[in-house]
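Novice: Below is a structure I'd like to ask you about.
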Amino acid sequence: MSRRALARSAHGTAARGTDPQAGVLAAAADPRVAPVLERVTVARLAALERLFGDAGLEPAEARRRARVAYALYVGVIDLRRAAPSARLAEDDVEAEIELMVGALVRMGR
């Protein structure tokens, strides 16, 4: 899967409200959920960091972009939970994906 396709998939499921991560984040304070959520989050950040590193970025820059990319993903989920009436049209989801990918590609240049 290409990086763009991966971003499209992750952001799209978050924006459409079809990502199971939303329920997990809502239960993050639960002592049974918190350690699992932390392990998964650390693993996801590491995977994103590897993707950015494989794209030729220095380790520190790859780490920064991984955190920003993941923060965008989690932020979209949180926004959907906080304002369900502000659901995005499919065209808006696609436009946000392009904006996110473009911003991450241009960051730090």
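The values are calculated or read from the model by the stated rules, or taken from the named source; none is laboratory data. What you see is a predicted model; the values in this text were computed from it and never measured. Cβ placement follows ideal geometry from the backbone for every residue including glycine, while neighbour counts extend to all protein chains displayed. Note: areas computed on protein heavy atoms with side chains; ligands, DNA, RNA excluded. Shrake-Rupley method; radii C 1.70, N 1.55, O 1.52, S 1.80 Å.
Novice: Please tell me if A15 is open to solvent by 40 Å² or more (accessible area, probe 1.4 Å) and modelled with pLDDT under 90.
Specialist: Here the answer is no, as A15 does not meet what is asked.
Novice: Return the pairs, sorted by first residue and then second, in which the second residue is aliphatic (A, V, I, L, M) and not in a helix (DSSP H, G or I), the first residue lies in the stretch 33-45 and is in contact (Cβ under 8 Å) with a residue 12 or more places away in the chain and over 18 Å from R63 (Cβ atoms), the beta carbons are less than 8 Å apart, and the residues are 6+ apart or on different chains.
Specialist: L37/A28
Novice: For the stretch 54-65, indicate whether the set of residues that are at pLDDT below 90 and farther than 16 Å from A103 by Cβ is non-empty.
Specialist: yes
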